[in-house]
Structures are given as structure tokens and as C-alpha cells.
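Comments concern the structure below.
Rule-based calculations on the coordinates, nothing more; no lab input. Everything numeric in this text was worked out from a predicted model, so none of it was measured. Note: ideal-geometry Cβ built from the backbone for every residue, glycine included; neighbour counts use all protein chains shown.
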Amino acid sequence: MNEVDVVDIGRNAMWVIIKVAGPIMFLGLVSGLIIALFQALTTIQEMTLTFVPKIIVIFIGIVVLLPFMINTVTTFADTLFDRISAL
């Protein structure tokens, strides 16, 4: 295994992290933006109002996207194991 292989594996690992965590982070961002807009329009400044809806949205997002996340990580792991066994 040379430097090019290590960089390629690292690049693939970063891409898998972005693919797995990105949708969940996006859901948290969108729900936070909607809640902040709602708070600004209604002048409700309750601090705990932001946490519960975000937690619910992220939890539902994880449940819905879990098959995609598992498939992405297992595909990466299979590719990595194939590369290791090819040495």
C-alpha cells in the first residue's frame, strides 16, 4: 500500500462521512431555521422551544434514512476489506 492508496481511502472515508451525516445535519439546519423564523414572527423567545422539535425531526430523519446510512457504510467497509485482502 502506497501513499496514493492511503489518500484514496481517506478521501473515500470523508465522502462516506459527508453522505451519512449530511442529510441529518441538513434536517437539523432546516428545522432550526423554521423554528427561528417562527420565534421571530411571534416574538416568542422561549429557549427550550428550539430543542424539542429539532430532536424530533432529527430522530425521525435517522429512522427514515437508516437503511441508506447502513448501506453506504457497509459498501465502504466491503470495498475497504476487498482492498486489504488484495494486498
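Computed values, structure above
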item	result
Residue list for segment 54-87, filter: in a helix (DSSP H, G or I) and over 18 Å from the mean Cα position of the chain (by Cα)	Asp78, Thr79, Leu80, Phe81, Asp82, Arg83, Ile84, Ser85
Some residue of segment 22-45 being touching a residue at least 40 places away in the same chain (Cβ under 8 Å), assigned to a helix (DSSP H, G or I), surrounded by 11 or more Cβ atoms within 10 Å (Cβ to Cβ) and touching a helix residue (DSSP H, G or I) at 6+ places or on another chain (Cβ under 9 Å)	yes
